[in-house]
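Each reported figure results from applying straightforward, stated rules to the coordinates on display, with no laboratory input. Treat the numbers as computed from the prediction; the structure is a model and nothing was measured. A quick note on method: Cβ atoms are made from the backbone with ideal geometry, for glycine too, and the neighbour counts reach across all protein chains shown.
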């Protein structure tokens, strides 16, 4: 949606987004920001926490060309240092501190709000007394969507990154390394 249309229909758009339909905010045909439900934003924050634990264990799933490479965590090599630096220095706007604005104030200052978001500052719109939607930069939305295959692989392997605790991630990686490392040793012996 264009900025004018979004601003004019902000309350209705917030309700649509809360129902699970993201909306891309366009300016001159270019995506600047994306509105997602607050629940979806929280979902992504939890996934980022799980990815941070994986990084601490030397697993960088977003650096792999194919998530199926994760099947053998025992022999999986961490990427080169330049790739690790790039991945860890990449801004993660979804993790920014919670900054809220009421729907009426958001409507009144919509252009300024979208400009701030386009510069990397996530804002959460409050509607009817609750956290309704998060407005995130368009590149952040693309980065998160690119993680979908990795998230699906982990879910299929028995670990839901959106709900896993730090301990569950560590236990999963250790067990997986033990299974695949043990199979390697048996086939070599």
Kirkwood hydrodynamic radius of segment 46-110, from inverse mean 1/r over distinct Cα pairs, in Å:
14.4
Report, in degrees rounded to the nearest 10, the 0 to 90 angle that the Cα long axis of helix 166-188 makes with the longest principal axis of the chain.
30
Return one number: the angle in degrees, 0 to 90 and rounded to the nearest 10, between the long axis of the Cα atoms of helix 38-56 and the longest principal axis of the Cα atoms of the chain.
30
Within segment 47-189, the percent of DSSP beta bridges that are antiparallel, given to the nearest 5, stands at 60
Does a label point 7 Å from the Cα of residue 30, set along Cα-to-beta-carbon, have any residues of segment 129-161 with amide nitrogen under 19 Å, and which are they?
136-143
Report which label in (i) 124; (ii) 167; (iii) 112 holds the value of volume of the Cα convex hull per residue in Å³ derived from the coordinates of this structure.
(i)
Fluctuation leader among 165, 83, 100 - the chain, Gaussian network, Cα springs under 10 angstrom
83
Could you work out how much longer the chain between residue 146 and residue 49 gets when fully extended? Use 0.36 nm per residue separation minus the Cα distance between them, nm to one decimal.
33.3 nm
Which length gain, in nm to one decimal place, applies between residue 80 and residue 56 when the Cα-Cα distance is subtracted from 0.36 nm times their residue separation?
7.1 nm
What value, in deg cm²/dmol to 500, does the helix sum -39500 (n - 2.57) over DSSP H runs of n ≥ 4 give at 222 nm once divided by the residues of the chain?
-16000 deg cm²/dmol
Hey, fewest Cβ within 10 Å first, where do 11, 176 land in order?
11, 176
